[in-house]
Amino acid sequence: MKNKVLAILMSVVVAFGLWMYVITVVSPESEKTYYDIPVVLQNKNILTERGLMIVSEVPNVTLALKSDRTILNDLNEANINVITNVANIEKPGVHHLTYDISYPGNIPYNEVAVQSSSTDLITLKVENRIRKTVPVVVDYGNTTVPQGYTSDLENAQLNYTNIEISGPESVIDQIEKAVINLDLSTQTKTLAGEFKYTLCDKLDAPVAVDLVTTNTEKVSLMVKIQKVKEIELKLDIIEGGGATLENTKIDVDTTSIQISGSDTQLEDLNSLTIGTINLSEILEDQTLTFPIVLPEGVANQTGVEQVTVKIELPRLKTKTLRVTSISAINVPEGLQADIITKALQVTVRGPSSLISKIKEEHLSAVINLAEAQAGNVTMKAEIQVAEDFAGVGALDTHTVSANLHS
């Protein structure tokens, strides 16, 4: 058994030795195939200078080479160069170019023979390279923001309103727009960010743009989206001069408006006071206007900029009476007050049933001297009306002079 194993081992050694002798002495050459070697395009920059570009895929080349086995073993798809010169291409079209093969520097060219190749010529399709500017279009489809919100689509802000594109003439001629597609159906806050676009033809169909270059890949976009709310418009009404809310007709042309703003801004904004009307200062039927001034950052969606208020006094009459009952109150301690003003002409207003009956003795004028100092003073007088004529009030402002002395 042991002798048999030794015999087998000797046979293997002898066979290997014979094989080495054959390949190194008797037949040292061999063939080997190298697959899918990339083609190097020489002087490609010249095409760019001529406004041309290659639009076809550059084919790889497969080579069957014959040489010494040691040389073939040093070669591989990465260190074999297949080179074609494109400098002679001067116009668009299909061009068939020859190519050269180079090997690593330590391998002489004449020691390698090409037995066969996948192609004898490199076929390239060339087109004009052109440039073009296309508009950016934001397409919201059929979507709108949720109910209770509004979007300012017409004033969407873009950092690029146009895109510069360049590429094969046949492709660039198809492109008409750069489309950003947005869905607003769930948006409840202002939309802002960078968005990719799709280059499309005039029918909005995407165009294949593998060979197209652009000046930007994304566009910054901001669309204002805000909450919408209806608020009440209010007036502060100060009754006086015989005019009350019951006997005065006040007609307001706009009682509410729709506004928009952030959720925080609108949370507690349920009404807006646009002005004050002091009825004691309204002497006759009158029309007033009040501007609608909203807090900063809140927009008026209704578009009404002012409110018109028509005031009518259909049930009120006026009468002018001479008031001689004039007195002072709160005279400072240690001082006396001598009333200098002896009479006032006072116009009063109220329901006709009371105005027809009111007389001079039903009115009096009082000045408050609590803050006065010694000497002559002139103070605003309060016109007081007897209780039986409570629906009557004075219209004018009156002053009374007095002398304070010890």
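The values are calculated or read from the model by the stated rules, or taken from the named source; none is laboratory data. Just so we're clear, the structure is a prediction, and the values are computed from it rather than from any experiment. Cβ placement follows ideal geometry from the backbone for every residue including glycine, while neighbour counts extend to all protein chains displayed.
Brief remarks on what is shown
- Residue ID - modelled with the highest pLDDT, chosen from residues in segment 339-366 that are small (G, A, S) and either exposed (fewer than 13 other Cβ atoms within 10 Å of the Cβ) or farther than 20 Å from T397 by Cβ (or both): A343
- Within segment 108-154, the only residue that satisfies the criterion of being of a type in the set (F, W, Y) and within 30 Å of V86 (Cα to Cα) is Y109.
- Verdict on L279 being at pLDDT 95 or above, under 30 Å from L363 (Cβ atoms) and of a type in the set (A, V, I, L, M, F, W, C): no
- With respect to the conditions (1) closer than 30 Å to I163 by Cβ; (2) touching a residue at least 40 places away in the same chain (Cβ under 8 Å), I122 lacks only one, and its number is (1).
- Odd one out for Q265 among (1) of a type outside the set (A, V, I, L, M); (2) closer than 30 Å to E194 by Cβ; (3) at pLDDT 95 or above: (3)
- Criterion violated by L245 - all others in (1) outside any strand (DSSP E or B); (2) at pLDDT 95 or above satisfied: (2)
- Positions within segment 192-206 being among the hydrophobic types (A, V, I, L, M, F, W, C) and surrounded by fewer than 17 Cβ atoms within 10 Å (Cβ to Cβ), in sequence order: A192, F195, L203, A205
- Among the residues of segment 232-251, those that are of a type in the set (V, I, T) and under 15 Å from F290 (Cβ atoms) comprise I237, I238, I250.
- Every residue from segment 99-147 that is within 56 Å of the chain's Cα centre (by Cα) and over 25 Å from L211 (Cβ atoms): V138, Y140, G141, N142, T143, T144, V145, P146, Q147
- Residues of segment 248-264 satisfying the condition of being touching a strand residue (DSSP E or B) at 6+ places or on another chain (Cβ under 8 Å) and either basic (K, R) or in a helix (DSSP H, G or I) (or both): K249, D263
- Residue within segment 107-117 that is surrounded by fewer than 18 Cβ atoms within 10 Å (Cβ to Cβ) and either in contact with a Pro (Cβ under 9 Å, 6 or more places away or on another chain) or in contact (Cβ under 8 Å) with a residue 60 or more places away in the chain (or both) present: yes
- Verdict on E387 being of a type in the set (D, E) and in contact (Cβ under 8 Å) with a residue 12 or more places away in the chain: no
- Here G167 does not fit the description of being surrounded by 15 or more Cβ atoms within 10 Å (Cβ to Cβ), farther than 30 Å from K125 by Cα and not polar (S, T, N, Q).
- Residue among V82, V126 that is in contact with a Gly (Cβ under 7 Å, 6 or more places away or on another chain) and among the aliphatic types (A, V, I, L, M): V126
- Of all the listed residues (E127, E154), the sole one being of a type in the set (D, E) and either over 26 Å from V223 (Cβ atoms) or assigned by TED's automatic domain parsing to the domain that holds H95 (or both) is E127.
- Test: residue in segment 234-252 that is more than 30 Å from S352 (Cα to Cα), acidic (D, E) and surrounded by 12 or more Cβ atoms within 10 Å (Cβ to Cβ): no
Yes or no, residue by residue, for (1) at pLDDT below 95; (2) in the same structural domain as K342 (by TED's automatic domain parsing); (3) within 30 Å of S352 (Cβ to Cβ):
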site	(1), (2), (3)
N368	no, yes, no
A374	yes, yes, no
D388	yes, yes, yes
G391	yes, yes, yes
A394	yes, yes, yes
H398	yes, yes, yes
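- Residue in segment 268-291 that is in a loop (DSSP other than H, G, I, E, B), of a type outside the set (V, I, T) and in contact with a Gly (Cβ under 7 Å, 6 or more places away or on another chain) present: no
- Of all residues in segment 136-152, those that are over 20 Å from I231 (Cβ atoms) and modelled with pLDDT of 95 or more have Cβ atoms under 8 Å from Cβ atoms of residues that are of a type in the set (D, E, K, R) and in a strand (DSSP E or B), 6 or more apart or on another chain, in V136/K177; V137/K177.
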